[in-house]
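Student: Sharing a structure below in C-alpha cells format, with a few things to ask.
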Amino acid sequence: MSKWNLIIKVGQCENCQNCVIAARDEHVGNDFPGYAAPAAASAESPIRILRRVQGDSHMVETTYLPVMCNHCDDAPCMRVAGDAIRKRSDGIVIIDPEKARGRKDIVKSCPYKAIVWNEELQLPQTWIFDAHLLDQGWQHPRCEQACPTGVFETVKLDDAAMAEKARREGLEVLRPNLETRPRVWYSGLKRWQTCFIGGSVTARVEGVLECVAGAAIVLYAGDQRVAETVSDAFGDFRFDGLEKNSGIYRVDIRHALGNASRECVVGESVYLGEIGVALTTSEVETH
Ligand code: SF4
Ligand code: SF4
C-alpha cells in the first residue's frame, strides 16, 4: 500500500520561515475534527528551522534544517500515549484531539521534540502532514507549497519502493540509532552532521600579499593520507565530510612559491585562516 513520505533537501533552506507561517495559518484558530484541534497562537510552532553555523570568517557556512513530526513507523510517542495517538494505514501519525486532552506527558515522549503543548486547550499537538488536506485530494502539504526554494518533496510510495528510493538517492533519517523508522527523509544530511577543515593560502610576492591558486594540499590523520585538493583562484581550500570530534589532522601545502603545514583538532569545523607559504633557504637555492 502507498504511504506518505516527506523528503527534505538540506542545504536548500534559506530560513525564510514561509513553511512555518503556512502551517500556522492552516492550524491556528482552525478546527479539523478527527485530525487536530485549533492550534494556539501562543504555542510553539510544530515545524521548526534549526540552524548550524560552521567555520570562521571568511569561510563560514550556515545550514538550516527544517524539523517536524517524522510520522515514525515505530513511534515512541505511541508507546506512551496508548489510544490517544494512532497510526493511519497511509503512515500518518495523528494525536487524537479528544483522547489526548490533558496528556502533557505525551510531549516528552517524542525524542525529536516534535510535539508542542497547547496550554489553552491542554493538548499535545504536532505537524499532522496536513492529513485533512491530503484526504481531500491534495498532493502536497502547505509547508511544501509555501517553500520558495523547493526544500520539500512529498512522495506517496509503498515501503519497499520508498526504501529503494532512499538507497538510490542516499536519503537518511534523523537519529537512525533510535530505530523509530521515520517517514521524513533528508538528502544531503552530511552537511548538517559532518565538519570541514578549510584555509586560505597566501604568499608574499615582491612585497605584496597574494592569494595562491593551484597549491597542492594534502590532509593527513596521523600518518594516513585522508584526502587531497587544490586551492582555488582565491587561495581557498576545503576538506568536507569529516566526522565531528574526529581528532587531530595535519594539512600539508606545496606550491612553487613555498610550502607550509598546519595541525588542528576537529571537534567542530575548523577554518585555519590565512596560511602564508614560503620557501626555505635550501628550497630557494634549489630553485
Ligand atoms: S516524531 Fe515524535 S511525535 Fe512524531 S511520530 Fe515520531 S515520536 Fe511521535
Ligand atoms: S519555506 Fe523552505 S526555505 Fe523557507 S524556511 Fe521553510 S524550508 Fe526553509
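The values are calculated or read from the model by the stated rules, or taken from the named source; none is laboratory data. Quick caveat, the model's predicted, so the values are computed rather than measured. Neighbour counts are summed over all protein chains in view; Cβ atoms, including those assigned to glycine, are modelled from backbone coordinates with ideal geometry. To get the accessible areas, we keep the full protein, side chains included, count just its heavy atoms, and leave off ligands, DNA and RNA. Shrake-Rupley method; radii C 1.70, N 1.55, O 1.52, S 1.80 Å.
Student: Looking at 42, 2, which is the one that is open to solvent by 20 Å² or more (accessible area, probe 1.4 Å), away from ligand 1 (no atom under 16 Å from the Cβ) and over 23 Å from residue 146 (Cβ atoms)?
Tutor: Exactly one residue qualifies, and that residue is 2.
Student: What residue, of 100, 39, is more than 16 Å from ligand 2 (Cβ to nearest atom), in contact (Cβ under 8 Å) with a residue 60 or more places away in the chain and either within 18 Å of residue 152 (Cα to Cα) or touching a strand residue (DSSP E or B) at 6+ places or on another chain (Cβ under 6 Å) (or both)?
Tutor: Only one candidate passes the filter, namely 39.
Student: Hey, could you check the range 65-86 for residues that are closer than 18 Å to residue 180 by Cβ and open to solvent by 60 Å² or more (accessible area, probe 1.4 Å) and say which is farthest from ligand 1 (Cβ to nearest atom)?
Tutor: For the range 65-86, the residue satisfying everything is 86.
Student: Now, a different point. Name the single residue, out of those in the range 54-64 being within 16 Å of ligand 2 (Cβ to nearest atom) and open to solvent by 40 Å² or more (accessible area, probe 1.4 Å), that is farthest from residue 4 (Cα to Cα).
Tutor: Ranking the qualifying residues of the range 54-64, first place goes to 62.
Student: I would also like to ask the following. Pick out the one residue from 86, 52, 79 that is more than 27 Å from residue 150 (Cα to Cα) and part of a strand (DSSP E or B).
Tutor: 86
Student: Across the range 1-36, what is the number of residues that are in a loop (DSSP other than H, G, I, E, B) and more than 16 Å from ligand 2 (Cβ to nearest atom)?
Tutor: Of the residues in that region, 8 qualify.
Student: Right, residue 50: within 16 Å of ligand 2 (Cβ to nearest atom), open to solvent by 40 Å² or more (accessible area, probe 1.4 Å) and aliphatic (A, V, I, L, M) or not?
Tutor: On the way: within 16 Å of ligand 2 (Cβ to nearest atom): yes; open to solvent by 40 Å² or more (accessible area, probe 1.4 Å): yes; aliphatic (A, V, I, L, M): yes.
Against the criterion (within 16 Å of ligand 2 (Cβ to nearest atom), open to solvent by 40 Å² or more (accessible area, probe 1.4 Å) and aliphatic (A, V, I, L, M)), residue 50 qualifies.
Student: Sticking with this structure for a sec: Would the range 108-129 turn up any residue that is farther than 30 Å from residue 246 by Cα, within 16 Å of ligand 2 (Cβ to nearest atom) and not hydroxyl-bearing (Ser, Thr, Tyr)?
Tutor: As a first pass, look at the range 108-129 and keep what is farther than 30 Å from residue 246 by Cα: 108-109, 115-129.
Among the residues that remain, those that are also within 16 Å of ligand 2 (Cβ to nearest atom) are: 127, 129.
Applying the additional criterion that residues be not hydroxyl-bearing (Ser, Thr, Tyr) yields 127, 129.
Yes, the range 108-129 contains a residue that is farther than 30 Å from residue 246 by Cα, within 16 Å of ligand 2 (Cβ to nearest atom) and not hydroxyl-bearing (Ser, Thr, Tyr).
Student: Out of 181, 142, 168, I need the residue that is touching a helix residue (DSSP H, G or I) at 6+ places or on another chain (Cβ under 6 Å) and either at pLDDT 95 or above or among the aliphatic types (A, V, I, L, M) (or both). Which one? Outline the logic, then answer.
Tutor: Working: 181 fails: touching a helix residue (DSSP H, G or I) at 6+ places or on another chain (Cβ under 6 Å); 168 fails: touching a helix residue (DSSP H, G or I) at 6+ places or on another chain (Cβ under 6 Å).
Going through 181, 142, 168 in turn, the sole match is 142.
Student: I've got another one for you. Regarding residue 94, is this residue in a helix (DSSP H, G or I), of a type in the set (A, V, I, L, M, F, W, C) and within 14 Å of ligand 1 (Cβ to nearest atom)?
Tutor: For residue 94, the condition - in a helix (DSSP H, G or I), of a type in the set (A, V, I, L, M, F, W, C) and within 14 Å of ligand 1 (Cβ to nearest atom) - is not met.
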